[in-house]
1. Could you report the range 1-60's accessible area per residue, 1.4 Å probe, as an integer in Å²?
2. Give me the base-10 log of I(q)/I(0) for the range 1-48 at each q in 0.33 Å⁻¹, Debye formula, one uniform scatterer per Cα, rounded to two decimals.
3. Please report the relative contact order for the chain, taking Cα pairs under 8 Å with a sequence separation of at least 6, and give it as a percent rounded to a whole number.
4. Per the Kirkwood treatment, what hydrodynamic radius in Å, one decimal, follows for the chain from the mean inverse distance over all distinct Cα pairs?
5. With the full set of protein chains in place, find how many percent of the accessible area of the range 6-83 is carbon and sulfur; take the probe as 1.4 Å.
6. What net charge is computed for the residues neighbouring VAL104, neighbours being all others with C-beta under 15 Å from the C-beta of VAL104, Lys and Arg scored +1, Asp and Glu -1?
7. Hey, what's the Cα Rg ratio for the range 61-118 versus the globular rule of thumb, 2.2 N^0.38 Å?
8. Between the DSSP loop rule and a limit of at most 15 other Cβ atoms within 10 Å, which trypsin sites (Lys or Arg not before Pro) in the range 20-118 are left?
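The values are calculated or read from the model by the stated rules, or taken from the named source; none is laboratory data. Keep in mind that what you see is a predicted model, and the values were worked out from it rather than measured. Please note: Cβ atoms are built from the backbone with ideal geometry, for glycine as well, and neighbour counts cover all protein chains shown. Side chains included, ligands, DNA and RNA excluded: accessible areas come from the protein's heavy atoms. Shrake-Rupley method; radii C 1.70, N 1.55, O 1.52, S 1.80 Å.
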Amino acid sequence: MKTAQEIMENLPYFTGTVHYYKHPLGIMLTDGVKYLAESAEMWWYADLIASYQYEPKVRCEEFQVYKLKVNEDKSAIVEITDGNKNILMVQKIEYTDCPLKEVVLWFENGVCYLPSEH
């Protein structure tokens, strides 16, 4: 796992994507999301986003924002919104070893991507 500083230094370089990677649950991930999942060992976050595509309240939203906030005790909260600050779902994560304090991913048209890749 890379350090938070290493990850944060590299994330701004992801502007657009060259490759798309198919997640086992059917969504596509961009180069930036793949980098994040590998470098922060956060494949579980991609799994979470993919699994919420089976939730009718979330699936019906064309655009989705996933915001992970990690607390000092290593618990976390994932807030899913429609991009207009309308909360669709909130999930508590008991424990994560995610090195970042906050991670925001966007989901649209079956693709999960970093905001910088839009």
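1. 58
2. So the normalised log intensities are -1.24.
3. For the chain, the relative contact order is 27 percent.
4. 14.3
5. Result for the range 6-83: 53 percent of the exposed heavy-atom area is carbon or sulfur.
6. So the environment of VAL104 carries a net charge of -1.
7. It is 1.15.
8. Here the sparse-neighbourhood loop sites are LYS74, LYS85, LYS101.
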